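For reference, the structure discussed in these notes is given below.
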Amino acid sequence: KKKKLVPPNAHRSISIITNLSRCISTLILAEHESGSIKPQTVSTVVAANQLGESSSVSLLLAGSGSSLQEAASQAASCHPSVSEVLVADSDRFEYPLAEPWAKLVDFVRQQRGDYSHILASSSSFGKNILPRVAALLDVSPVTDVVKILGPNEFIRPIYAGNALCRVRYTGPGPCVLTIRTTSFPVTPVTESKKATISQIDLSNFKEEFVSRSRYVGQSTQDTERPDLGSARVVVTGGRALKSVENFKLIENLAEKLGGAVGATRAAVDAGYVPNDLQVGQTGKIVAPELYMAFGVSGAIQHLAGIKDSKVIVAVNKDADAPIFQVADYGLVGDLFEVIPELLEKLPEK
Ligand code: FAD
């Protein structure tokens, strides 16, 4: 007798899988500033759309005051796939502290029904909040996702970006992901659709949900330069700059090119620039159109943060510096001669 190879319930499991991919509902923790939604949130929406064909996307905005409501109204039309914008307006969310935010996500889940996926970008905001959300929900987060293969299957970098790992999420409970937004560029969409905006009723959000941690302050660079994480041009300086004064050369060049300033960890450790300018494995991941590296050796930890750049230009006086192995254009020369010449020859902005 011929052996039956197909298990009797196979058709059922196939239909369950199909139904599952139809039931994808994603909650995205949105970042906003001065009444505007941040570009990394829109990239996270792009990623959410790749989880399955008919996934529904809700954005969660928290904060307080009129700028929150302005951001909510902008968020409602930031991408046609966003179906709902949930707004948590309270002083408790004025600053992005992980404890109240994580409680809020859980609170929203309980109020609005289970989400199959909870996403945030791999920014300092997402990296701060999502692990606590995952701990609270007793699930294992999948971080730094660079590719989505299916609702529960993802690619993420390991070993400082030297290898890519395929991860399948099998656990019960929602799939909690942080998204490396440089891998999910936003393409212009012609369709315009406005999502519904709902205010979350926080009357049952208990006071004890508020954390023991306290917001002390934030110091930001008072600069008109573009944000390092999303700039089209990044000009980076390494240890070779030797001092804070010399680093002004990098800043002047970035200014002239309308770009952001970056630095290696060696330059940051030497105190030439603050550490929010560090690019690399333990700094920011960048993917500009043009990345210019001056006096940067090209250590793997630095390259981990720049490998998605479209064009890499390197200037180093050592012809054997590893940075030349990844550079599209390389110049063996002294940066103290090259940068002043560039500054002189480049046209004014
Ligand atoms: P160096 O390696 O000292 O290189 C300086 C370069 O400048 C040399 O190649 C030299 O030939 C060149 N040079 C000197 N003078 C001139 C001149 N006048 N003109 C032109 N070229 C000149 N590093 C990061 O950048 N980002 C990270 O996120 C990061 N994370 C790390 C995480 C871990 C766990 C560890 C262990 C290390 C990490 N590092 C990181 C450090 C990294 O290994 C390197 O030490 C660092 O990137 C080196 O910085 P650099 O290229 O400025 O300095």
Next on the checklist: Using 19 Å as the Cα-Cα cut-off, could you pick out the over-long pairs in Lys242/Lys317; Lys147/Lys307; Lys256/Lys284; Lys38/Lys310; Lys242/Lys284; Lys38/Lys127?
Outcome noted: Lys256/Lys284; Lys38/Lys310; Lys242/Lys284
Next on the checklist: Based only on other Cβ atoms within 10 Å, what is the fewest-to-most ordering of Ser183, Ser64?
Outcome noted: Ser64, Ser183
Checklist outcome for this item: Quick note on Tyr115, Tyr95, ordering by fewest other C-beta atoms within 10 Å, gives Tyr95, Tyr115
Checklist outcome for this item: About its Cα centre, the stretch 239-349 carries a charge dipole, from +1 on Lys and Arg Cβ atoms and -1 on Asp and Glu Cβ atoms, whose size in debye to the nearest 20 is 240
Checklist entry - If one computes the Cα centroid of the stretch 280-307 and of the stretch 44-110, what distance in Å separates the two points? => result 31
Checklist entry - Between Glu337 and Ser36, 0.36 nm times their residue separation minus their Cα-Cα distance comes to what? => result 104.2 nm
Item to check | Estimated inter-spin distance, Tyr215 and Ser198, nm [label 7 Å along Cα→Cβ] | outcome: 2.6
Item to check | For Ser140, Ser213, order by how many other beta-carbon atoms lie within 10 Å, fewest first | outcome: Ser213, Ser140
Item to check | Full-stretch length increase - Asp269, Leu149 - with 0.36 nm per residue and alpha-carbon distance subtracted | outcome: 39.4 nm
Item to check | Backbone N within the stretch 319-348 under 16 Å of label point (7 Å from Ser243 Cα along the Cβ vector) | outcome: 336-337
Checklist entry - Placing +1 at every Lys and Arg Cβ and -1 at every Asp and Glu Cβ, with all other atoms neutral, what dipole size does the chain have around its Cα centre, in debye to the nearest 20? => result 2000
Checklist entry - R0 = 25 Å: FRET efficiency of Ser66 with Asp227, Cβ-based, nearest 0.05? => result 0.60
Next on the checklist: So if a site counts as exposed when it's one of the GluC sites (Glu not before Pro), its DSSP state isn't H, G, I, E or B, and it has at most 11 other Cβ atoms within 10 Å, what's the longest stretch of the chain without one?
Outcome noted: 54-190
Checklist entry - What is the helix-to-structure angle for 244-257, meaning the angle in degrees between its Cα long axis and the longest Cα principal axis of the chain, kept from 0 to 90 and rounded to the nearest 10? => result 70
Next on the checklist: From Cα pairs below 8 angstrom and at least 6 apart in sequence, can you work out the relative contact order of the chain, rounded to a whole percent?
Outcome noted: 13
Checklist entry - Computed FRET efficiency, Cβ-Cβ of Val189 and Arg112, R0 25 Å: what is it to the nearest 0.05? => result 0.45
Checklist entry - Looking at the chain, what % of its DSSP beta bridges pair antiparallel, to the nearest 5? => result 20
Checklist entry - Between Asp276 and Lys307, what is the spin-label point distance in nm, taking each point 7 Å from the Cα along the Cα→C-beta axis? => result 2.8
Checklist entry - Given a Förster radius of 30 Å and the C-beta distance between Glu99 and Ala319 as r, what FRET efficiency does 1/(1 + (r/R0)^6) yield to the nearest 0.05? => result 0.05
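Read-outs throughout are calculated quantities, based only on the coordinates presented, and are distinct from any laboratory measurement. The shown structure was predicted, so the numbers you read here are calculated from the model rather than taken from an experiment. Positions of Cβ are backbone-derived with ideal geometry, glycine not excepted, and every protein chain shown enters the neighbour counts.
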